[in-house]
Amino acid sequence: MRWSNILSGVLALAPLSAAQDCWRNTSCSGPTETAFSGPWDENIFAPSSRSVSPEKQFLITQPDKTADYAPFTLRGNGSLVVYDFGTEVGGIVRVNYSSTGSGALGVAFTEAKDYIGEWSDSSNGGFKGPDGALYGNFTEAGSHYYVQPDKALRGGFRYLTLFLITSGNVSVQIEDVDLEIGFQPTWSNLKAYQGYFHSDDDLLNKIWYSGAYTLQTNEVPTDTGRQIPALAVGWANNATLGPGDTIIVDGAKRDRAVWPGDMGIAVPSAFVSLGDLDSVKNALQVMYNTQNNSTGAFDESGPPLSQKDSDTYHMWTMVGTYNYMLFTNDSDFLEQNWEGYQKAMTYIYDKVTYPSGLLNVTGTRDWARWQQGYNNSEAQMMTSLYHTLETGAKLATWAGDSTGLSSTWTDRAEKLRLAINEYCWDEGYGAFKDNATDTTLHPQDANSMALLFGVVDEERAASISERLTDNWTPIGAVAPELPENISPFISSFEIQGHLTVGQPARALELIRRSWGWYYNNPNGTHSTVIEGYLQNGSFGYRGDRGYYWDTAYVSHSHGWSSGPTSALTNFIVGITVTSPLGATWSIAPQFVDLTSAEAGFTTALGKFQAAWSKTSDSYTLEFTVPQGTSGNLTLPYISAAKPSIQIDGTEISRGVVYANETATVSVNGGGTYKVTVH
């Protein structure tokens, strides 16, 4: 019979076991309560329990006619039912059911509604078609219990299809379907976010929390990585990813591997939302553990994938080290890996060539762009090399270096900035070229990063910001370096770039177009952010660039697309940390068309929180920062005239710095303050 030779789950007569607080035997080291409670808690997509059941069910022939989750009877060969969990989930499925005879219960998974059916969507990386299904055999009538094998854990899905294979007139009564959540393994309370965001725009609120939840689904047990080489049939998620109990990977469904480039967006967003940085530490540590000790080169990705030869992702590990230190001040981690970091800097800076003074990119693997190599402009200013040198200079200071590395790397960054502007700028077009040749390609990635990392003066910044809008469509920004494709990863840099140079209206417009389109897509997860898509509105991202037109392979829960989560906190509410743990901080709100916004996050020093509300002729800003900290308030003008500023009812006039229609005031000492501007 067909089902006797296919993968079987565990069949037993036992009832469903009670859900554990944390994943399996993992120690519960995460927070137990949310740091900021309020109406925004309703936007958290995470389940309240590690054991969850579907919300709805429907027939594949009537996908728009749903019913509440309830027992269901499969009658005869090929009959099936689809269960909708309502959001992206992931873990181990368990089913209690009974049968009137022998057969097999088929189990299939998909993130997007497009691919529901008897075959799971694609995840194993073999590009030989869908992943197929799992099967639980039953040889006689009676009660049965199916448990998905651990190695076949499904990291990301919304829809679960159960179907019957039998050669006789057999029916199956499905009594109970249950999922053991497998992500965020060290948390007993999956809703215990340490950061929040709330505004008067509900779509922006939902987008912020969809990014946060995506990152939650991307923080996984370290023994649940995707197996490499890819399986010929089916999938396996039982590979070792790195040290510790939890680690951050690129996507819930796939690749389930550490990708340092993805972390360039994912880590700042995880910091302001989840607040869990143990997963980040373990991801960075595995990159140092696998570093080439002779050359200093980092792999492009963590094990077991362990791809190599990427100069840009090499530097993302270095920038990730900076971000982790900024958010945690984990001096033991920095001391342990400081020698490796210096080797990595030597390795990459030795690729600078003269007389141009530009980086010569020889490790050409990258995020998916078609062209990489030579004097590529993205590589010059992204992590490569300008931002790496600048953040490296700060790390050298934090590491207590006494050999002058900080000043050396700062000087090199400035020389590189001048070289980028001399050789890669296209004066006729008003933006950066893809490299130092006569190319007419003006990439989204390099130009977005030029804004974000401060590579250009105000005049060029204004020009770049405007030219980037030439790539916009009604559903997002097409990346010229990956034609027809919309990359929320690169668009995450673009929105932050616009915000950095004082173009918040453009940033919010792009967020609403791109992330808003996916959040409201009837075939999406309605809870997470997608890896990428095409400008025609299909999920065929990278079809001709490594994904072999397998639209079911695209990840619908990919942390590199979570840029709005950090952007809305750091730029719209405007609260950021500027030195380790937030010993110094900055609050610089940007209003656009909103009338109120607030956000908060935590570090080991305490809570950071800011909230503003605006009328036509004034606004108030209330904020709380930990004791012993200091920072700057950068307050936008309400009109062309210099504003009147009061802090806790006292008029402030001395010590105010006025520039670019903002007023900057220094605040020393922690506490809670109320600022009124009119």
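The values are calculated or read from the model by the stated rules, or taken from the named source; none is laboratory data. Predicted model only: the values in this text are computed from it and were never measured. Don't worry about glycine lacking a Cβ; one is built from the backbone with ideal geometry, like all the others, and counts go over all protein chains shown.
For segment 167-251, give me every one of the strands (runs of 3 or more DSSP E) that falls completely inside it and has 3 or more residues that are of a type outside the set (D, E, K, R).
Result: 171-181, 196-199, 246-248.
For every residue, the table says whether it meets (1) in the same structural domain as LYS151 (by TED's automatic domain parsing); (2) surrounded by 20 or more Cβ atoms within 10 Å (Cβ to Cβ).
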position	(1), (2)
PHE36	no, no
PRO39	no, no
ASN43	no, no
GLN62	yes, no
PRO71	yes, no
GLY78	yes, no
GLY86	yes, no
GLY91	yes, yes
TYR97	yes, yes
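Of the residues that sit in segment 106-156 and are surrounded by fewer than 22 Cβ atoms within 10 Å (Cβ to Cβ) and of a type in the set (Asp, Glu), which one is farthest from ASP176 (Cα to Cα)?
That would be ASP114.
Quick one: which residue in SER579, SER561, SER596, SER586 is surrounded by 24 or more Cβ atoms within 10 Å (Cβ to Cβ) and in contact (Cβ under 8 Å) with a residue 40 or more places away in the chain?
SER561
Here are some conditions: (1) assigned to a helix (DSSP H, G or I); (2) in contact (Cβ under 8 Å) with a residue 60 or more places away in the chain; (3) charged (D, E, K, R). GLU414 meets all but one. Which one does it not meet?
(2)
So for segment 57-66 (the condition being touching a Ser or Thr at 6+ places or on another chain (Cβ under 9 Å), part of a strand (DSSP E or B), in contact (Cβ under 8 Å) with a residue 12 or more places away in the chain and closer than 30 Å to LEU277 by Cβ), does at least one residue qualify? Give the derivation first.
Quick first cut of segment 57-66, residues touching a Ser or Thr at 6+ places or on another chain (Cβ under 9 Å) only: 57-58, 60.
Narrowing further to those that are part of a strand (DSSP E or B): 57-58.
Okay, now just the ones that are also in contact (Cβ under 8 Å) with a residue 12 or more places away in the chain, so 57-58.
Filter once more, so that each one left must be closer than 30 Å to LEU277 by Cβ: none.
Among the residues of segment 57-66, not one is touching a Ser or Thr at 6+ places or on another chain (Cβ under 9 Å), part of a strand (DSSP E or B), in contact (Cβ under 8 Å) with a residue 12 or more places away in the chain and closer than 30 Å to LEU277 by Cβ, which makes the answer no.
What number of residues within segment 252-270 satisfy the criterion of being of a type outside the set (A, V, I, L, M) and assigned to a loop (DSSP other than H, G, I, E, B)?
5
Restricting the search to segment 281-295, which residues are part of a helix (DSSP H, G or I), touching a helix residue (DSSP H, G or I) at 6+ places or on another chain (Cβ under 8 Å) and surrounded by fewer than 24 Cβ atoms within 10 Å (Cβ to Cβ)?
Matches in segment 281-295: LYS281, GLN285, TYR288.
Inside segment 496-533, can you point out the residues that are in a helix (DSSP H, G or I), surrounded by fewer than 24 Cβ atoms within 10 Å (Cβ to Cβ) and of a type in the set (Val, Ile, Thr)?
Across segment 496-533, the qualifying residue is only THR500.
Being surrounded by fewer than 16 Cβ atoms within 10 Å (Cβ to Cβ) and more than 13 Å from TYR673 (Cα to Cα) is the filter here, so list the residues in segment 633-650 that pass it.
Within segment 633-650, TYR637, SER639, ALA640, ALA641, LYS642, SER644 qualify.
Could you say whether any residue in segment 271-278 is modelled with pLDDT under 95 and either in contact with a helix residue (DSSP H, G or I) (Cβ under 7 Å, 6 or more places away or on another chain) or surrounded by fewer than 20 Cβ atoms within 10 Å (Cβ to Cβ) (or both)?
From segment 271-278, those modelled with pLDDT under 95 are 276; that's our starting set.
Applying the additional criterion that residues be either in contact with a helix residue (DSSP H, G or I) (Cβ under 7 Å, 6 or more places away or on another chain) or surrounded by fewer than 20 Cβ atoms within 10 Å (Cβ to Cβ) (or both) yields 276.
Taking every residue of segment 271-278 in turn, at least one turns out to be modelled with pLDDT under 95 and either in contact with a helix residue (DSSP H, G or I) (Cβ under 7 Å, 6 or more places away or on another chain) or surrounded by fewer than 20 Cβ atoms within 10 Å (Cβ to Cβ) (or both).
Being farther than 20 Å from ASN668 by Cα and not in a strand (DSSP E or B) is the filter here; which residues of segment 592-634 pass it?
Residues satisfying the conditions are VAL592, ASP593, LEU594, THR595, THR615, SER616, ASP617, SER618.
Might you check whether a residue that is in the same structural domain as TYR322 (by TED's automatic domain parsing), crowded, with 22+ Cβ neighbours inside 10 Å and within 24 Å of the chain's Cα centre (by Cα) occurs anywhere in segment 418-441?
Looking for residues that are in the same structural domain as TYR322 (by TED's automatic domain parsing), crowded, with 22+ Cβ neighbours inside 10 Å and within 24 Å of the chain's Cα centre (by Cα), one finds none in segment 418-441, hence no.
Taking the options TYR347, TYR354, TYR313, name whichever one is under 19 Å from SER406 (Cα atoms) and aromatic (Phe, Trp, Tyr).
Just one listed residue meets the conditions, TYR347.
From the residues in segment 257-308 that are of a type in the set (Asp, Glu) and out of contact with any Lys or Arg (no Cβ under 6 Å at 6 or more places or on another chain), which one is nearest to GLY30 (Cα to Cα)? Give the steps one after another, and end with the answer.
Step one: list which residues in segment 257-308 are of a type in the set (Asp, Glu), which gives 262, 276, 278, 299-300.
Now drop any that are not out of contact with any Lys or Arg (no Cβ under 6 Å at 6 or more places or on another chain), which leaves 262, 276, 278.
On the way: ASP262: 23, ASP276: 7, ASP278: 9 Å.
Step by step, filter segment 257-308, then rank; the result is ASP276.
Within segment 165-184, can you find the residues that are closer than 25 Å to ASN237 by Cα and touching a Gly at 6+ places or on another chain (Cβ under 9 Å)?
Residues satisfying the conditions are LEU179, GLU180, ILE181, GLY182, PHE183, GLN184.
Looking only at segment 171-219, how many residues end up being more than 19 Å from the chain's Cα centre (by Cα) and of a type in the set (Gly, Ala, Ser)?
3
Go through segment 433-487 and report how many residues are assigned to a helix (DSSP H, G or I) and either among the polar types (S, T, N, Q) or touching a His at 6+ places or on another chain (Cβ under 8 Å) (or both).
Of the residues in segment 433-487, 11 are assigned to a helix (DSSP H, G or I) and either among the polar types (S, T, N, Q) or touching a His at 6+ places or on another chain (Cβ under 8 Å) (or both).
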